[in-house]
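**Student:** Right, I'll just put the structure down here and ask away after.
The values are calculated or read from the model by the stated rules, or taken from the named source; none is laboratory data. Computed from a predicted model, the values in this text were never measured in an experiment. All Cβ positions, even for glycine, are placed from backbone atoms using ideal geometry, and neighbour counts span all protein chains on display.
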Amino acid sequence: MPEEKIPSDASASDPERRDILKFAAAGVLGAAYAGLVGYPVYRYLASPVETAAAEGQVKQVVLDDALKTPRNSALMFKFGQNPAMLIHHDDDTWTALSAVCTHLGCTVGYQPDKKIIFCPCHGGTYDPNSGANLGGPPPKPLAEYKTQIANGKMVVSRA
Amino acid sequence: MRSPLARWLDERLGYSALLELATHKQVPEHKYSFWYYWGGITLFFFTVMCFTGVLLLLYYRPGDEAYQSVRSITYDIQFGWLIRSTHSWSANLMIASAFVHMFSTFFLKAYRRPREFLWFSGIVLLLLAMVFGFSGYLLPMDDLSYFATKVGLGIPAVIPMVGPWISNLVRGGPDISGFTVSRFFALHVVVLPALFIPVLLLHLGLIQKHGMSLPPSELDKPEGKRKTIPFFPNFAMKDLAAWLIALNVLAFCAAVFPWPLGPAADALKPAPMDIHPEWYFMSSFEVLKLFGKWIPGEFGEFAGLGLFNLGLVLWVLVPFFDAERRSGAWARRATWFGLAVVGILLFTTIWGYAVLPAVR
């Protein structure tokens, strides 16, 4: 239908372009406001995550009374935010391991009768000397920490 | 041409009727139009309160841990100081703009027939907002909020017979404690919103039903000479601009003057020398103090309280004694009454601040 056609000369496209510019300016301003309001709100919401991440950066933990742990038993402690275990072996050696199962994140426990680390969630087992995964679903060994005795205290540090 | 999706949605939701209404609705435009924006500005601050209030809920813990949790919001949580400051500033700006809104509608005679219920619901909203403010003031449990609440809750105690019983029940004990904080918290975040929002919806529905009120000077003009602008987009855009200004003022205040947090409340310490309530209670605080001086004993406070409530009742009933459409003797009396109220409120508020010792 020819009568519906709008003559497309420069004067007609100018107000259109001005409209587009106006929308663009409003969009930029709106986005700037959304950013200015949104950034503090996001950081506020994410604050505990950031704190946890910062605490996870812990390099070493000093355990004051760890040396009182009897042989063939384990002491549970927190390494940063994560549960960890210090095992006192029968031969008076020490092993510190992450206590977070590498399968689905349950907390594992030391079983003195079988001398094994056991995860009750899905039956995963680990070697208490090295943290190596022995059986069940765990795909990886438990992370091992360095142990060192200094001034009658146990110092556990990231390997 | 509407898209098939728009038609599909409209058939089910019927939103085109609303769009029709928005495009045909007209808003009067005259030399007092400036005052039309203050209700919207108050509403804007209320939405900010809801938003920041929910954010504060994420870290705030009522009860005995209240002060520690507000301390952690203010000093540990990223931008917690800003969220808290925005909430407090927005509360104060909301009450301030509600006062501007109330007095402008009062002097423009917007309470007259058929808008009486807009007036009543507006006053209910203001009173609820003040209870919001009073209950929120205690929640951080710093020294000033503790003692201000102590004084505030001491007021109902002067009511004969039932007074002390009411005060104890509100406090959850003979003194302000973690129980009081929990009670005020429940009031502040559950009970008050549940009361406030329906009244707010009534208020907004009624303004939609009756339209903006015309001031007497406009009503005197013949109908053909009154100017209007379309609600959408003209008035809506101006409203949005007002909101943007309100947001900027709020952001400036909240960021440049962060809301302070005093030392933790300590019941064994004497009240701070500059003990005072929020500014919107300053007038009644000062009047009660003056009456207490003039008429010693509990009767003084009782008289001050009675005078305040009498003024409030007269204020609420103003649509009944100034119901005429055109100016008359009662219209002038109402205006003088309003001027007297503004004068007394301003005078006693300034007086209240003037006699505060400067210790901070």
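**Student:** Does B:Y36 fit the bill of being more than 14 Å from chain A (Cβ to nearest Cβ), farther than 27 Å from B:I197 by Cβ and in contact with a Pro (Cβ under 9 Å, 6 or more places away or on another chain)?
**Tutor:** no
**Student:** Which of the residues that make up the range B:1-38 are touching a Leu at 6+ places or on another chain (Cβ under 9 Å) and touching a residue at least 40 places away in the same chain (Cβ under 8 Å)?
**Tutor:** B:P28, B:H30, B:Y32, B:W35
**Student:** Still on this model: Can you tell me which residues in the range A:114-144 are under 14 Å from A:L97 (Cα atoms), crowded, with 16+ Cβ neighbours inside 10 Å and of a type in the set (G, A, S)?
**Tutor:** A:G131, A:A143
**Student:** Take the range B:58-75 and flag every residue that is within 12 Å of chain A (Cβ to nearest Cβ) and either within 21 Å of B:A186 (Cβ to Cβ) or under 16 Å from the mean Cα position of the chain (by Cα) (or both).
**Tutor:** B:L58, B:Y59, B:I73, listed by residue number.
**Student:** A further question on this structure: For B:Q78, work out the one condition from (1) buried (at least 17 other Cβ atoms within 10 Å of the Cβ); (2) in contact (Cβ under 8 Å) with a residue 60 or more places away in the chain; (3) within 14 Å of another protein chain (Cβ to nearest Cβ) it doesn't fulfil.
**Tutor:** It fails just one condition, (2).
**Student:** Please state which one of A:T93, A:T147 is over 30 Å from A:P48 (Cβ atoms), within 24 Å of the chain's Cα centre (by Cα) and either surrounded by fewer than 15 Cβ atoms within 10 Å (Cβ to Cβ) or among the β-branched types (V, I, T) (or both).
**Tutor:** Answer to the selection: A:T147.
**Student:** Shifting gears a bit: Looking at (1) at pLDDT below 95; (2) hydrophobic (A, V, I, L, M, F, W, C); (3) surrounded by fewer than 18 Cβ atoms within 10 Å (Cβ to Cβ), which is the one condition that is false for B:F147?
**Tutor:** Evaluating B:F147 over (1) at pLDDT below 95; (2) hydrophobic (A, V, I, L, M, F, W, C); (3) surrounded by fewer than 18 Cβ atoms within 10 Å (Cβ to Cβ) leaves (3) as the failure.
**Student:** Okay, moving on. For the range B:214-250, how many residues meet the condition of being among the polar types (S, T, N, Q) and touching a Lys or Arg at 6+ places or on another chain (Cβ under 6 Å)?
**Tutor:** Residues that pass the stated criteria total 0.
**Student:** Got a number for residues in the range B:246-262 being surrounded by fewer than 12 Cβ atoms within 10 Å (Cβ to Cβ) and under 17 Å from B:D143 (Cβ atoms)?
**Tutor:** Here the count works out to 0.
**Student:** Just to check your reading of the model, which residue among A:A46, A:A53, A:A34, A:A74 is under 30 Å from A:I149 (Cα atoms), of a type outside the set (D, E, K, R) and within 14 Å of chain B (Cβ to nearest Cβ)?
**Tutor:** Exactly one residue qualifies, and that residue is A:A53.
**Student:** I need the full set of residues from the range A:102-127 which are of a type outside the set (V, I, T) and in contact with a Leu (Cβ under 8 Å, 6 or more places away or on another chain), in order please.
**Tutor:** The answer is A:C121, A:H122, A:Y126, A:D127.
**Student:** With respect to B:S90, determine if the residue is surrounded by 20 or more Cβ atoms within 10 Å (Cβ to Cβ), of a type in the set (S, T, N, Q) and in contact with a Ser or Thr (Cβ under 8 Å, 6 or more places away or on another chain).
**Tutor:** Yes, satisfied.
**Student:** Find the residue count for the range A:56-77, including only residues that are among the polar types (S, T, N, Q), within 14 Å of A:P112 (Cα to Cα) and either at pLDDT below 90 or not in a loop (DSSP other than H, G, I, E, B) (or both).
**Tutor:** The number of residues fulfilling the criteria is 1.
**Student:** Go through the residues of the range B:219-235 one by one and say whether even a single one is modelled with pLDDT under 90 and of a type in the set (A, V, I, L, M).
**Tutor:** Taking every residue of the range B:219-235 in turn, at least one turns out to be modelled with pLDDT under 90 and of a type in the set (A, V, I, L, M).
**Student:** Would you point out the residue of the range A:95-110, among those that are among the small types (G, A, S) and in a strand (DSSP E or B), that is farthest from A:G123 (Cα to Cα)?
**Tutor:** For the range A:95-110, the residue satisfying everything is A:A96.
**Student:** Show me the helices (runs of 4 or more DSSP H) found entirely inside the range B:272-360 where at least 2 residues are out of contact with any His (no Cβ under 9 Å at 6 or more places or on another chain), surrounded by 15 or more Cβ atoms within 10 Å (Cβ to Cβ) and without any contact (Cβ under 8 Å) to a residue 60 or more places away in the chain.
**Tutor:** B:279-294, B:298-316, B:329-354
**Student:** Can I ask one more? Looking at the range B:85-141 only, could you name the residues that are in a loop (DSSP other than H, G, I, E, B) and farther than 30 Å from B:Y60 by Cα?
**Tutor:** B:L108, B:K109, B:A110, B:Y111, B:R112, B:R113, B:P114, B:R115
**Student:** Of all residues in the range B:98-108, which are touching a residue at least 60 places away in the same chain (Cβ under 8 Å) and surrounded by fewer than 23 Cβ atoms within 10 Å (Cβ to Cβ)?
**Tutor:** B:F99, B:V100, B:F103, B:S104, B:T105, B:F106, B:F107, B:L108
**Student:** If you go through the range A:136-144 one residue at a time, do you hit one that is at pLDDT below 90 and either among the acidic types (D, E) or within 20 Å of A:K78 (Cβ to Cβ) (or both)?
**Tutor:** No.
**Student:** Buried (at least 17 other Cβ atoms within 10 Å of the Cβ), within 14 Å of chain A (Cβ to nearest Cβ) and of a type in the set (D, E, K, R): does that describe B:R84?
**Tutor:** Spelling it out, B:R84 is indeed buried (at least 17 other Cβ atoms within 10 Å of the Cβ), within 14 Å of chain A (Cβ to nearest Cβ) and of a type in the set (D, E, K, R).
For (1) more than 21 Å from A:L67 (Cα to Cα); (2) without any contact (Cβ under 8 Å) to a residue 24 or more places away in the chain, each residue gets a yes or a no:
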position: A:L97; (1), (2): no, no
position: A:V100; (1), (2): yes, no
position: A:H103; (1), (2): yes, no
position: A:C106; (1), (2): yes, yes
position: A:P112; (1), (2): no, no
position: A:K115; (1), (2): no, no
position: A:F118; (1), (2): yes, yes
position: A:G123; (1), (2): yes, yes
position: A:G131; (1), (2): no, no
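**Student:** Just to verify a result, which residue in the range B:250-271, among those that are more than 14 Å from every other protein chain (Cβ to nearest Cβ) and assigned to a helix (DSSP H, G or I), is farthest from B:M130 (Cα to Cα)?
**Tutor:** B:V256
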